[in-house]
Each structure stands twice: as structure tokens, then as C-alpha cells.
Amino acid sequence: MKLSRFPPLGALRAFHCVATLLSFKQAAQQLNVSATAVSHQIRVIESTLECRVFERNAQGVRLTDAGKLLYAGTQAAFSALETSVNNIERARRPPTLTITTTSNFLTNWLVPRLTDFKARFPHIDLHLHTSIEKVDLTQRTVDVAIRYRETPEDELHNTLLYEDRFAVVASPGLAVRTLNDLNPVTLFHVENRHVPAASPDWQHWKTRYGPADLMVGKGLFFSDETHALQAAVAGQGVVIASKLLAEDLIKRQMLVMPFDCSLPGANYYLVTMKDTAERPDVTAFREWIVGAMRGTPTSHDGN
């Protein structure tokens, strides 16, 4: 088609609106113009194309065969234009990175370090999501997941962050120095740990390290490791906790780790969809968290 026979964009917009609504009156209301103005734009199209695009009768408005062909084109064209405009608007907004993880990891490790991330990447806005349920990344509701697992997920892009271990931690005020010192203090139990398969609980500890007379069936029971750690800080008992999650409390001398021995844990992985793994904001976050993890004491202690 020669350019001179291409209908004006304004007329095509009016046609598209009428074709969608099959009503000149409703199209005029949506376009905020008069019905006469809409009719004029349709006459411009029909004059340019030298054919009718609508038929009007007592039953209403319907597309002619030529009108159906034109409507298929305007649907594709205006949809593409809408996508382009949305992409331009999205590109002008600061990048937003949605991260899902457990509340324990978010509270005890990630949140205390977010100031450093924002200082390094002030243009990236983070949306932080916590869930005890595994979020399906294929739904595209989140960009990055930090998961606690024993093995990587083959269908996703995996970055190993930390190989965890569990150790006994307690308030310095309890003066726990030997294994026998565990007998008179309250044992904290964290329930619903699904990984690792060999749960790092007091029975596991007693079997491996003792003392042989430790009463592992008594104490306080928590459904959340963060709450158990806070109770330990308050000097109410001792808990077998993730070395990673207890790290900051130990550095601040609010907790001590009286024994060198520990129990094996699982691994922290950063996972994304493979097609978003190299996205600039995802890459920035991954490189930052890997670097931050390097400052964490090694999980390998030979036990």
C-alpha cells in the first residue's frame, strides 16, 4: 500500500474503538469526542481505502469483510504500541527486585546487611517476601529466592551461598563451658525443621557429643528459630542454632558458642529462573550477597 493511501492514525484509533465496542456512541464516549467526529473519522478511512468497513442497520453496527481485515491489523498494532509504551514507562522507573526467603534468614542475616546493599545499589528497589511455602518461580511473581536445601534444583539457576552447620549457643551469663554444664539449663527445641534430613536436635547432639545423661525430652519448644534465639539472648536457656543465623548475635557478644563441635546442616542457595539469571539487577544482588557471605565464618569445622 502506498503511504498516501494509509489512513491517518487518529482515524484508525476511532475505527479500532468502534470495532471493539460495535457502537459509535460508546466509542465517542470512550474517546471523549462527539459521535459526529467519530463518524467523520470512519468516512476518512472508507474514503482512503475506497471500501466500507462498517454496516449500520436497525440491529446495530457490524464489520464488513474489509473491516474485519482492518480490525485484525489494528488489534495487533495497538497491542504492540501499548506494550512499547508500557516498556518505556517501566524502563523509566527504578528497577524493582522481588526476593523471597524464610523469615529466619531475612530477620537474622539479610535485614542487618541491607544498608550496605542500598549504599552500593541505590537505584535498585527491593521487595522482600517471606514464606514457609516454596514459591514457584515460574509464576514470575518473584525474581530471586534464597532457599535452604540439601541439593540444588536442576530446573533453576543455582548459586551456592553457604554450607550451614548447627552449634549450641547460649547467653554468656549462663556460663556454659563444658558439656556437663548443659544438664542444669533449659534446653530449647526448634520444631518443624524439615531440612536437613538428619535433624540437628538435642537427641542428635546427645548421641554424637553427650553428655550421656542429658534429658533431651524436656525444655521449651519453639516453632521459629528466631524466637528461640531471642530467648537464648535473654538467658532463658540454650539452643542448637544455625551458625549463620546466630552469627551477628555472637559477634555482638549477646550469645556465645561454648563448644567447637557442631552438627551438619543444609545449604543456602540463591535460585532464579535461568532466563533471568544474568539480568543486571539479579546479577548485582547475586554478586553482592556472595561477597557478603565471604565475610561469614566458614561452616567447615571438621566435625
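The values are calculated or read from the model by the stated rules, or taken from the named source; none is laboratory data. Values in this document were obtained by computation on a predicted structure and should not be read as measured data. Neighbour counts are summed over all protein chains in view; Cβ atoms, including those assigned to glycine, are modelled from backbone coordinates with ideal geometry. Accessible surface is based on the protein model in full, side chains and every heavy atom, while ligands, DNA and RNA are left aside. Shrake-Rupley method; radii C 1.70, N 1.55, O 1.52, S 1.80 Å.
Miscellaneous remarks
- Filtered by the rule that a residue be under 12 Å from the mean Cα position of the chain (by Cα) and either open to solvent by less than 30 Å² (accessible area, probe 1.4 Å) or not hydrophobic (A, V, I, L, M, F, W, C) (or both), the stretch 126-136 gives His127, His129, Thr130, Ser131, Lys134, Val135, Asp136.
- Residue check, Gly210 open to solvent by less than 30 Å² (accessible area, probe 1.4 Å), without any contact (Cβ under 8 Å) to a residue 40 or more places away in the chain, out of contact with any Lys or Arg (no Cβ under 7 Å at 6 or more places or on another chain) and at positive phi: yes
- Any chance Glu163 is in a loop (DSSP other than H, G, I, E, B), acidic (Asp, Glu) and either open to solvent by 40 Å² or more (accessible area, probe 1.4 Å) or touching an Asp or Glu at 6+ places or on another chain (Cβ under 8 Å) (or both): no
- Helices (runs of 4 or more DSSP H) contained in the stretch 5-111 and holding at least 2 residues of a type in the set (Ser, Thr, Tyr) and out of contact with any Leu (no Cβ under 9 Å at 6 or more places or on another chain): 35-49, 65-92
- The stretch 142-171 residues that are touching a residue at least 24 places away in the same chain (Cβ under 8 Å) and among the aliphatic types (A, V, I, L, M), paired with ones that are open to solvent by less than 10 Å² (accessible area, probe 1.4 Å) and in a loop (DSSP other than H, G, I, E, B) (beta carbon under 8 Å, 6 or more apart): Ala167/Ser262; Val169/Leu255; Ala170/Gly237; Ala170/Leu255
- Of all the residues in the stretch 217-247, those that are over 15 Å from Asp164 (Cβ atoms), assigned to a helix (DSSP H, G or I) and of a type outside the set (Ser, Thr, Tyr) number 6.
- In this entry, Lys118 passes the filter for residues that are assigned to a helix (DSSP H, G or I), charged (D, E, K, R) and surrounded by fewer than 16 Cβ atoms within 10 Å (Cβ to Cβ).
- Hey, Thr64 free of Cβ contacts under 8 Å to residues at least 60 places away in the same chain, in contact with an Asp or Glu (Cβ under 9 Å, 6 or more places away or on another chain) and either surrounded by 15 or more Cβ atoms within 10 Å (Cβ to Cβ) or β-branched (Val, Ile, Thr) (or both) or not: yes
- One residue from Ser223, Ser262, Ser199 being open to solvent by less than 30 Å² (accessible area, probe 1.4 Å), of a type in the set (Ser, Thr, Tyr) and more than 24 Å from Thr98 (Cβ to Cβ): Ser262
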